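Trainee: Mind having a look at this structure? Questions to follow.
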Ligand code: A2R
Ligand code: GDD
């Protein structure tokens, strides 16, 4: 039987890759987007949906009748969450509750994946790394706190109402087509612009000492599909590579891929009030549940991201 998948917030970075992956798996894919966004993937049915409108979610569920739901809609930037906490709280907290309430109202019983973040762990103690799902969350920024909240809602709705919802904590995911709001896309875009002579040979950076755990988005969406099928309701799963790397090392990797003579300069406007030092995923649980192991090496992802920005410029 053909599976019906609904991706909420599918016009973003991950949505595009997830749509294509689910199609490859033979799913019939419906995707929601914000009215200002465009989705142009053949074979998908596209709906406009603002998750702040709960009644529209119920109506959509009645129309699509999905077997699987992937909830990607979010204000996804940590940096922006410092500048616009209200928007972040509205979309990430109220939006998630709206979806969970809509799921209570609708008579169907889809399997739902809610995408949270490795940032939920926040202030991780040295002896707690790589961090496991059982670790207490100590969020260090507004975005992280909203995602920790979403995670708790998911658990409550699974336990109290039997909603088949699984929670993911996705660590940093990267690849071609990511918005240059995020570090790898940002550094690759600047490098490509410098090479093309459109930016003076100065690359502006923020905090280079942070260590984060990066995975190719194409590996990440495979984990999402596997967890939607095999995950256990009410459970949380880390999705990451299992290895943290300093942003300084990411920068050096990108610079080594360019022949341009580039000067690196700290831009104080890129620094965050708090930037926790290390976030590294413990990945045993997702492996045991699904057999998932990321395949694409970091160097390859970064090279392909840099080449994407070179073509785009
Ligand atoms: O920011 P926009 O307007 O381009 O649209 C984003 C959309 N979105 C919404 N969708 C429905 N109702 C809303 N009120 C609403 N506000 C924002 O969610 C965007 O198209 C999508 C999120 O995509 P990205 O920002 O590209 O995030 P990405 O990297 O695809 O991450 C997917 C999930 C998120 O939950 C992240 O927090 C997590 O993975 O890392
Ligand atoms: N964006 C950006 N730009 N970050 C920089 C820069 C810069 O010029 N220089 C250093 N950084 C550092 C940030 O301070 C942070 O420590 C790290 O690079 C990664 O920043 P981002 O790429 O903006 O991602 P993030 O870690 O804040 O959030 C991403 O990963 C989360 C999971 O760990 C997003 O994809 C979130 O949606 C996701 O939940």
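Trainee: Kindly evaluate residue 203 against the criterion of being crowded, with 20+ Cβ neighbours inside 10 Å and farther than 26 Å from residue 131 by Cβ.
Mentor: yes
Trainee: On the given criteria, is residue 261 farther than 26 Å from residue 142 by Cβ, part of a loop (DSSP other than H, G, I, E, B) and modelled with pLDDT of 95 or more?
Mentor: So residue 261 fits the description; yes.
Trainee: Same structure, new question: State all residues of the range 154-192 that are touching a residue at least 12 places away in the same chain (Cβ under 8 Å), crowded, with 18+ Cβ neighbours inside 10 Å and assigned to a helix (DSSP H, G or I); if no residue qualifies, say none.
Mentor: Selection gives 154, 157, 158, 183, 184, 185, 187, 188, 189, 190, 191, 192.
Trainee: Which numbered condition in (1) modelled with pLDDT under 95; (2) within 17 Å of residue 168 (Cα to Cα) is the only one that residue 40 fails?
Mentor: With (1) modelled with pLDDT under 95; (2) within 17 Å of residue 168 (Cα to Cα) applied to residue 40, the lone miss is (2).
Trainee: Any residue in the range 125-137 that is closer than 11 Å to residue 78 by Cβ, more than 13 Å from ligand 1 (Cβ to nearest atom) and in a loop (DSSP other than H, G, I, E, B)?
Mentor: no
Trainee: Just give me the residues in the range 194-230 being closer than 17 Å to residue 252 by Cα and out of contact with any strand residue (DSSP E or B) (no Cβ under 8 Å at 6 or more places or on another chain), in sequence order.
Mentor: 195, 207
Trainee: Just checking, how many residues over the range 193-207 are closer than 15 Å to residue 259 by Cβ and free of Cβ contacts under 8 Å to residues at least 60 places away in the same chain?
Mentor: Number of matching residues: 1.
A quick yes/no check of all residues on (1) without any contact (Cβ under 8 Å) to a residue 60 or more places away in the chain; (2) within 16 Å of ligand 1 (Cβ to nearest atom):
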| site | (1), (2) |
| --- | --- |
| 232 | no, no |
| 235 | no, no |
| 240 | no, yes |
| 243 | yes, no |
| 247 | no, no |
| 255 | no, no |
| 266 | no, no |
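Trainee: Residues in the range 1-54 that are assigned to a loop (DSSP other than H, G, I, E, B), more than 19 Å from the chain's Cα centre (by Cα) and farther than 22 Å from residue 177 by Cβ: how many?
Mentor: Residues that pass the stated criteria total 6.
Trainee: So, one more: Going by the conditions given, is residue 112 surrounded by 17 or more Cβ atoms within 10 Å (Cβ to Cβ), within 15 Å of ligand 2 (Cβ to nearest atom), within 23 Å of residue 221 (Cα to Cα) and within 18 Å of the chain's Cα centre (by Cα)?
Mentor: Spelling it out, it is not the case that residue 112 is surrounded by 17 or more Cβ atoms within 10 Å (Cβ to Cβ), within 15 Å of ligand 2 (Cβ to nearest atom), within 23 Å of residue 221 (Cα to Cα) and within 18 Å of the chain's Cα centre (by Cα).
Trainee: Moving on to the next point. How many residues are more than 12 Å from residue 168 (Cβ to Cβ) and surrounded by fewer than 20 Cβ atoms within 10 Å (Cβ to Cβ) if we restrict to the range 220-242?
Mentor: Of the residues in that region, 6 qualify.
Trainee: Still on this structure, I have one more. Is there a residue being within 16 Å of ligand 1 (Cβ to nearest atom), out of contact with any strand residue (DSSP E or B) (no Cβ under 6 Å at 6 or more places or on another chain) and modelled with pLDDT of 95 or more anywhere in the range 153-166?
Mentor: Yes.
Trainee: Quick one: is residue 57 closer than 25 Å to residue 219 by Cα, more than 9 Å from ligand 1 (Cβ to nearest atom), in contact with a helix residue (DSSP H, G or I) (Cβ under 7 Å, 6 or more places away or on another chain) and in contact (Cβ under 8 Å) with a residue 12 or more places away in the chain?
Mentor: The answer is no for residue 57.
Trainee: Just give me the residues in the range 72-114 being in contact with a helix residue (DSSP H, G or I) (Cβ under 6 Å, 6 or more places away or on another chain) and part of a strand (DSSP E or B), in sequence order.
Mentor: Across the range 72-114, the qualifying residues are 111, 113, 114.
The values are calculated or read from the model by the stated rules, or taken from the named source; none is laboratory data. What you see is a predicted model; the values in this text were computed from it and never measured. Glycine gets a Cβ as well: all are built from the backbone with ideal geometry, and neighbour counts include every protein chain shown.
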